[in-house]
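Written below as structure tokens is the structure these notes are about.
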Amino acid sequence: MTSPTNRYPTIFELSVPGRKGVQYPKPDVPKAELPKAFLREELPLPELSAQEVIRHFTKLSQLNHSVDTGFYPLGSCTMKYNPKINEVTARLPGFAQIHPFQPAVTVQGALELMYKTQIWLGEISGFDAVSLQPAAGAHGELTGVLIIRAYHRSRGDVKRVKMLVPDSSHGTNPASSTMSGMQVVELPSDERGNVDLEALEAECNEMLAGLMITNPNTLGLFDENIQEVCQIVHQAGGLVYGDGANMNALLGISQPAKSGIDVMHFNLHKTFATPHGGGGPGSGPVGVTAELADFLPDPVVAITAEETQETVPFYELITPKQTIGRVKSFHGHFGVIVKAYTYMLSLGSNGLRKVSEHAVLNANYLQSLVKDTYHIPHEHLCMHEFVAEGQWEDAPGVIALDVAKRLMDFGFHPPTNYFPLIVHEALMIEPTETESKETIDAFADALLKIAEEAHDEPEKLREAPHNTPFGRFDEVKAAKDLILRTQLPEGYRK
Ligand SMILES: *Cc1c(COP(=O)(O)O)cnc(C)c1O
């Protein structure tokens, strides 16, 4: 075990003068002088054998926890297993080596794939039209709110600038609404974790542009009054934006458009199995009702010549009539779209429904194992995740952060903590459908053992993690004072 205070050696510290990792072949062209301006007096490079380089970077990669190495119940993030077949198809030369400026006739396969992805996402959600352009969930929200704004403006309804955002919504919801030029008003939740209907009605007036609701919300609960919520907003002339990042609970079971949602984004890099967490690329397609289809970002894929007995259909990019414009260069993150298409195709509609059934079952099973030990403020049937409190009245020295850090010693990634804000010392736990009963049992055992330690050996939690290469970081400093380049050691081959 490396002591938590040990610094990991940089590749320069491992360097040995004169050691080589590459054997260059004999030149098969005549020697030539290089232009002086391109030559450096000094170029400090590490000198290692090929094997040392491989070991160094493999070890570095193992310092990270990943879905491929362990359980990753990070609430709201849907860290499920991403089938490797998705990577294979995304790398097929016919997809990976085309250019977005190629004439449509030369890329019919890629356009057909995009078209079918639009159609399938529409079928899953109940929406009439879909844009694949947004790069991520929050970007889809921005796109959706711009669509809502364009809709009101097209009717001369320019006073509508207020977006209602429940306090159980994801943090990106108020942020993207504000970025779209809206004034955000927060709505409280009632004691069952639903939107407070009285508070909603009180905000419904001619200023109302719409409501942005995360459903299932960040408490892991499906709003029991979602249809009524949408009706109230519609009656006041507003539209409803649905944050669909939590579709992992709803596939094949509930279509958000049927509840009255007007526009919604999907997170392909959550629900549709693209690896994420390392910074992208992701994809946040947006679905809309027929009424809003003309406002979608430019372009969308359409069939411009129908199939006949002699010909196949012809796919082309077209501009929606009242488009809000482009929100992303080219056609979105095409590779992620190929992965989502592969994922949907390999599971089929029954398989997609099973995804959600198992995601919800796993979350409820885990909740039932820990609910007598960890207080769950909104304890009823949850969707694909639930929120517990990481604190006990009779163990005053321990907070949720200590529970989260101690979980790392058991080989688990900590759950999301201190979010959502409406639960004190929140631990937001999402097991996902791809985990086995054995893994969930082992995780529950760890949580129960940690609860015991919180009462008997609180200092053990406060100093955790003990078994990781590094201890506790100053997370604020790490984010504000990023050092992304390997620093040369003092005096390195000056
Ligand atoms: C992840 C998430 C988002 C934001 O998605 P990004 O792709 O990270 O921008 C929005 N809402 C919810 C509920 C989420 O879980």
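The values are calculated or read from the model by the stated rules, or taken from the named source; none is laboratory data. The structure displayed is predicted, hence computed values, not measured ones. No Cβ is skipped: glycine too gets one built from the backbone with ideal geometry, and neighbour counts run over all protein chains shown. Surface areas here come from the heavy atoms of the whole protein model, side chains and all, with no ligands, DNA or RNA. Shrake-Rupley method; radii C 1.70, N 1.55, O 1.52, S 1.80 Å.
A few notes on this one:
- Length added when fully stretched, GLN183-GLU224, from 0.36 nm per residue minus Cα-Cα: 12.1 nm
- Förster radius 25 Å - calculated FRET efficiency between ASP190 and TYR418 (Cβ-Cβ, nearest 0.05): 0.65
- Residues whose placed amide H lies under 5 Å from that of ASP243, excluding near-sequence neighbours: ILE213, THR214, ASN215
- Of the GluC sites (Glu not before Pro) in the range 1-108, those whose Cβ has at most 10 other Cβ within 10 Å and which sit in DSSP loop: GLU33, GLU41, GLU42
- In the chain, helices alone account for a calculated mean residue ellipticity at 222 nm of -10500 deg cm²/dmol, with every DSSP H run of four or more residues adding -39,500 (n - 2.57).
- Area of HIS455 that stays accessible when all protein chains are in place (1.4 Å probe, Å², to 10): 80
- Based on the Stokes-Einstein relation at 10 °C and a viscosity of 1.306 mPa s, and on the Kirkwood radius from alpha carbon pairs, the range 35-84 is assigned a translational diffusion coefficient of 106 µm²/s.
- Restraint check, LYS59/LYS405; LYS162/LYS371; LYS59/LYS84, Cα-Cα greater than 27 Å: LYS162/LYS371
- Measuring r between the beta carbons of LEU488 and ASP445 and using R0 = 56 Å, the FRET efficiency lands at 0.75.
- Between LEU164 and VAL185, GLY210, LEU211, MET212, the built amide H atoms are under 5 Å apart, and every one of these is 5 or more places off in sequence or on another chain.
- Spin-label proximity, TYR8 to the range 445-481 - amide N less than 12 Å from point 7 Å beyond Cα toward beta carbon: 469-471
- The heavy atoms of VAL185 offer some 40 square angstrom of accessible surface to a 1.4 angstrom probe.
- Per-residue 3J(HN,Hα) values for the range 260-273, derived from phi via the Karplus relation 6.51 cos²θ - 1.76 cosθ + 1.60 with θ = phi - 60°, read x, 5, 9, 8, 8, 9, 10, 9, 4, 7, 10, 5, 10, 6 Hz in sequence order (x marks Gly and Pro).
- Taking all protein chains together and a 1.4 Å probe, the residues SER189, SER125 rank SER189, SER125 from largest to smallest accessible area.
- The phi-based Karplus calculation (6.51 cos²θ - 1.76 cosθ + 1.60; θ = phi - 60°) puts the 3J(HN,Hα) values of the range 333-345 at 8, 4, x, 5, 5, 4, 5, 5, 4, 4, 4, 5, 5 Hz, whole numbers, x for Gly and Pro.
- Size descriptor for the range 385-469, Kirkwood hydrodynamic radius: 13.1 Å (Cα pairs only, one decimal).
- Sparse packing (at most 16 other Cβ atoms within 10 Å of the Cβ) combined with a DSSP loop state is found for the following GluC sites (Glu not before Pro) in the range 393-494: GLU393, GLU463, GLU490.
- Mean-position separation - Cα centroids, the range 409-439 and the range 301-315, in angstrom: 47
- Cα centroid separation - the range 226-283 against the range 121-186, whole Å: 11
- Estimated translational D of the chain in µm²/s (Stokes, Kirkwood radius over Cα pairs; 4 °C; 1.567 mPa s): 51
- The modelled label-to-label distance for the pair GLU198/ARG472, using points 7 Å beyond Cα in the direction of Cβ, is 4.2 nm.
- Extension gain from LYS480 to GLU206, taking 0.36 nm per residue of separation minus the Cα-Cα distance: 94.5 nm
- LYS20 paired with LYS437, simple spin-label distance in nm, labels 7 Å along Cα-to-beta-carbon: 6.0
- Under Karplus coefficients 6.51, -1.76 and 1.60, residue-wise ³J(HN,Hα) of the range 170-182 in Hz, glycine/proline x: 6, x, 5, 5, x, 5, 5, 5, 5, 4, 7, x, 8
- Gain upon complete extension [SER349, SER329; 0.36 nm per residue less C-alpha separation]: 4.1 nm
- Qualifying aspartates and glutamates (Cα of each under 13 Å from Cα of LYS328; at least 8 residues distant if same chain): ASP298
- Each label was represented as a point 7 Å from its Cα along the Cα-to-Cβ direction; for VAL88 and THR311 these points are 3.5 nm apart.
- Annotation note: chymotrypsin sites (Phe, Trp or Tyr not before Pro) in the range 95-137 located in DSSP loop regions with a Cβ neighbour count of at most 15 within 10 Å are PHE101.
- Averaging 1/r over every pair of different alpha carbons in the range 85-345 and inverting the result gives a Kirkwood radius of 18.7 Å.
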